[in-house]
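The values are calculated or read from the model by the stated rules, or taken from the named source; none is laboratory data. Here the structure is a predicted model, which means the values were calculated and not measured. All Cβ positions, glycine included, derive from the backbone under ideal geometry; neighbour counts span all protein chains shown.
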Amino acid sequence: MATDVKVPPVGESITEAVVVEWLVPVGTVVKVDQELVALETDKITVNVPSPVAGLLVEHVVKVDGKVEIGAVIARIDESASTPTPAPASAPASTPAPTPAPASAPTPPPAPANTPAPASTPAPAPASSDVALMPAVRRLLDDNGLQAAQIHGTGPGGRILKEDVLNYLANRNSAPVVPPQVTSTPAATLKAAPAATSSPTSSTADGGKEEVVVMSKLRQTIARRLVEAQHTAAILTTFNEIDMSAVMGLRNTYKDSFEKAHGVKLGFMGFFAKAVIEGLKAYPSVNSEVRGDSVVYKHHYHLGVAVGGGKGLVVPVVRDVDQLSFAEFEKTLAGLADKAKNNTLSLADLSNGTFTISNGGVYGSLMSTPILNPPQVGILGLHKIEDRPVAVAGKVEIRSMMYVALSYDHRIVDGREAVSFLVKVKQCLEDPARMLLEI
Amino acid sequence: MGSMQRFDVVVIGSGPGGYVCAIRCAQLGLKTACVEKDKTLGGTCLNVGCIPSKALLESSERYAATRHTLAEHGINVGEVGLDLAKMQERRVKIVAQLTGGVALLFQKNKITRLSGLGRIAKGADGYHQVVVTHDDGSEETVEAAAVVIATGSVPTSLRGITIDNERVVDSTGALELSQVPKHLVLIGAGVIGLELGSVWSRLGAKVTVLEYLDRILPGVDGEVASEAHRILAKQGLEFILGARVEAAEVKGEEVVVRWRSKDDQTHEVTGDRVLVCVGRRPFSDGLGLDAVGVALDNRGRVQIDGEFQTNVAGIFAIGDVTRGAMLAHKAEDEGMAVAEILAGGHGHVNYDAIASIVYTHPEVAGVGKTEEELVQAGVPFVKGRFKYGPNGRALALGEGDGFVKMLAHKETDRVLGCHIIGAQAGDLIAEVALAIEFGASSEDIARSCHAHPTLSEIVREAALDCARRAIHK
């Protein structure tokens, strides 16, 4: 008897997906939670883990086929444990016409210490310290989970069936990836010129074209960028920052910082702290439009754009105002690692109140970032370059960086935006201000 | 002026709410007194409610079973005689045993018993005063840091009906009848009415039930109430629904009850006894609440906050005299909660997990939300049902009537309610009340081993049926 593997829910409002790649050929013995197939949806690419152990006997849907959430996508024979020789059917793992999906962090795999229960339906004995209710035991075993992973909401912190169900639903829902920052050349501050494409190509040029269908993810990104521009009244204000104070601090303390805290002293910590000062002073930059209201947030979750394994992602560091420099750097480093390994979770990418993006790492001198909805502000940092500047009547060479704040003019007015940026500038040029909160 | 006795708590009323509260207070080290106006402790429940009715229900059920069902077991009995006086004696003895038991518990816990009608009065130095008027008219005043009102409820009547406790009786009178009525006319098809009606019906009375609503047992899950109606009618009770009773006229040894049907026609039914069971009202007469400023709501219930405190600091109230289901165990739980609050801790009652039971045969029991309540609240749910019929124990007991219905949340599978009609329903419901307390899902109950052969397996199959996985269906 084969067990049906169904497409799990992958996120709110997502009802269908496309098979991108079969990760395991038919005839392989799979373990519980082993990833079977990569699916692509409107928002994200997600890998479907196996709910049971056994022999993968059928790929019900082929590559590029569409599936609905809840539909059967594979079949596994739990009673079989010997692999059968690979059938002659085309190996499903070459996605030739589909482009590699951009920046798609997969849901976190089951933790390394998952016990691999036998394929018998009887629940394996749960951890002896915790008395678990029968349905909870069954769900944990079916999904290769440990009680310690689940937050219990029942009386006395007891884990309820619904707690495990919620965990599973969130685990399988994919993060929405909003790589919102676009860097345009510094020469013009106009929006990037609209691509002029010839609607139809003449046969003469036909052979010199390559038509690549946009992946669902890219389509979504494209749509969201345009939506952001249609919804908010985006404006960008600029300033420049003399980075010598920060760089001086770094040079003096980077070794002792690393020694004391076990993490490198980067620039981001400074930028983040300066931004917090700015957000506290100008709360409208840390708000959101909801219907007819403006929601002022009294928490500070900073999204920081990082280059991940599959592209740009914006993980969120929560409650930055309550983190020390070291804690911030550590958290950010942890998130960057996760981004590299495609292990960011939906929670890691959600609920940011403001975003920082550093185009300077790519060489950008100045740019106009696009907002990351529903946030109303995004700070673009750029390349730090030595430039001649006037200081007390003399020309000096200073390490300068242009900064850009794009903001939603519906609720952030010009004065606030400019003042926010000035505050950030002041804090970075004179870090003592952050210590003294002035 | 002699010094008054001073207590940490004075509880007024020694029913299940009051006496349990007093005992718990004493256990927690509070100096406690309990005021009771009746000769015996235990309030309505022990004296003229739960206990005596259960005694008569048991006796009358045995009488009916002996006459009607022993034959199918191959047991031949001849003429079955009824000694009603002896049956009543048994009831009286059981009540005396329990009320005496409460008195002993009071002694053991060193609770001061104050006999007489209690009235709260304004005190001094932050203490309240309770004035107890003894039977001989003398008064005794004590001081109390806290007062707990546990004065319970009394039967109500209808406009136009006078309860004389001779021909027209209330529930108390119905318990004490010394003769089986020829024709008992029962006004009100609620829990108490149907239980008492069942008693006399089994003992040989013709029973006609007049109910104002279009259904019996208001508050009970509709599907279960319908089944109860069908079964009780089969047992011989005559039901007239949608009847508005207007008068009950005593004519010698008979009573003519006049009622109006929905189409505005008047009708009459004549019996030799009429039992009026149309509900109970909170009782706070003579408590002096006006004088101390304790507020009542528009239904005469003492108003309390989430910690059972009235609008007057230091005066609390529990049980039937307050809001909520008029159930002895609800009063008991509230009594315990108040005691714990008074002793400085926390007290909490989970009203979602309080079962209510009707001791007809078969029994009816329910805990949590009814199906109607869930539909009205728009909560998505699944329903699991299993009949008594296929259960081995039920058949061996000769109790094939009835079913268990379990309601679970559609998405989380959490048990939201369970409603049973069938033998031992009142005991079977306890498992589900516990499940609700623990936030269990129907799957949790389904996966717990239930001994075979027992009636509890019916509960388990209903739980399995929530996921359409019943084995024996």
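A few points about this structure:
- Test result for B:SER178, surrounded by 22 or more Cβ atoms within 10 Å (Cβ to Cβ) and among the hydroxyl-bearing types (Ser, Thr, Tyr): no
- Qualifying position, being at pLDDT below 95 and of a type in the set (Asp, Glu), among B:GLU399, B:GLU411, B:GLU431, B:GLU373: B:GLU411
- Total residues in region B:123-148, condition over 23 Å from B:ILE341 (Cβ atoms) and surrounded by fewer than 21 Cβ atoms within 10 Å (Cβ to Cβ): 11
- Only residues that are within 22 Å of the chain's Cα centre (by Cα) and modelled with pLDDT under 90 were counted across region A:141-167, and they come to 1.
- Residues within region B:382-404 that are in contact with a strand residue (DSSP E or B) (Cβ under 9 Å, 6 or more places away or on another chain), away from every other protein chain (no Cβ under 14 Å) and surrounded by fewer than 23 Cβ atoms within 10 Å (Cβ to Cβ), tallied: 8
- Residue identified as closer than 17 Å to A:THR355 by Cβ and among the charged types (D, E, K, R) among A:ASP408, A:ASP413, A:ASP430: A:ASP408
- On inspection, B:ASP465 qualifies as away from every other protein chain (no Cβ under 14 Å), surrounded by 22 or more Cβ atoms within 10 Å (Cβ to Cβ) and over 30 Å from B:GLU58 (Cα atoms).
- Annotation for region A:408-429: no member residue is small (Gly, Ala, Ser) and in a strand (DSSP E or B).
- B:VAL415 being within 14 Å of another protein chain (Cβ to nearest Cβ), more than 26 Å from the chain's Cα centre (by Cα), within 25 Å of A:PRO155 (Cα to Cα) and in a strand (DSSP E or B): no
- Listed conditions (1) within 14 Å of chain A (Cβ to nearest Cβ); (2) under 26 Å from the mean Cα position of the chain (by Cα) are all met by B:GLY422, apart from (1).
- Of the candidates B:ALA353, B:ALA440, the single residue that is in contact (Cβ under 8 Å) with a residue 24 or more places away in the chain, among the small types (Gly, Ala, Ser), within 14 Å of another protein chain (Cβ to nearest Cβ) and more than 18 Å from B:ARG460 (Cβ to Cβ) is B:ALA353.
- Close contacts from region B:380-398, counting a first residue that is part of a strand (DSSP E or B) and a second that is basic (Lys, Arg), with Cβ to Cβ under 7 Å and a gap of 6+ residues or different chains, come to B:PHE381/B:LYS410; B:VAL382/B:LYS410; B:LYS383/B:LYS405; B:ARG385/B:LYS405; B:PHE386/B:LYS473.
- B:VAL432 being within 14 Å of chain A (Cβ to nearest Cβ), within 21 Å of B:ILE357 (Cα to Cα) and within 27 Å of the chain's Cα centre (by Cα): no
- Selection within region B:326-344: residues that are assigned to a loop (DSSP other than H, G, I, E, B) and touching a residue at least 40 places away in the same chain (Cβ under 8 Å). The member of this set that is surrounded by the fewest Cβ atoms within 10 Å (Cβ to Cβ) is B:ALA343.
- When region B:103-134 is filtered for residues that are under 19 Å from B:LYS31 (Cβ atoms) and in a helix (DSSP H, G or I), the ones remaining, listed by number, are B:ALA103, B:LEU105, B:PHE106, B:GLN107, B:LYS108.
- Within region B:443-457, the presence of at least one residue that is within 13 Å of chain A (Cβ to nearest Cβ), within 18 Å of A:THR153 (Cα to Cα) and of a type outside the set (Phe, Trp, Tyr) is confirmed.
- Scanning region B:248-288 for residues that are hydroxyl-bearing (Ser, Thr, Tyr) and either touching a helix residue (DSSP H, G or I) at 6+ places or on another chain (Cβ under 6 Å) or not in a strand (DSSP E or B) (or both) yields B:SER261, B:SER284.
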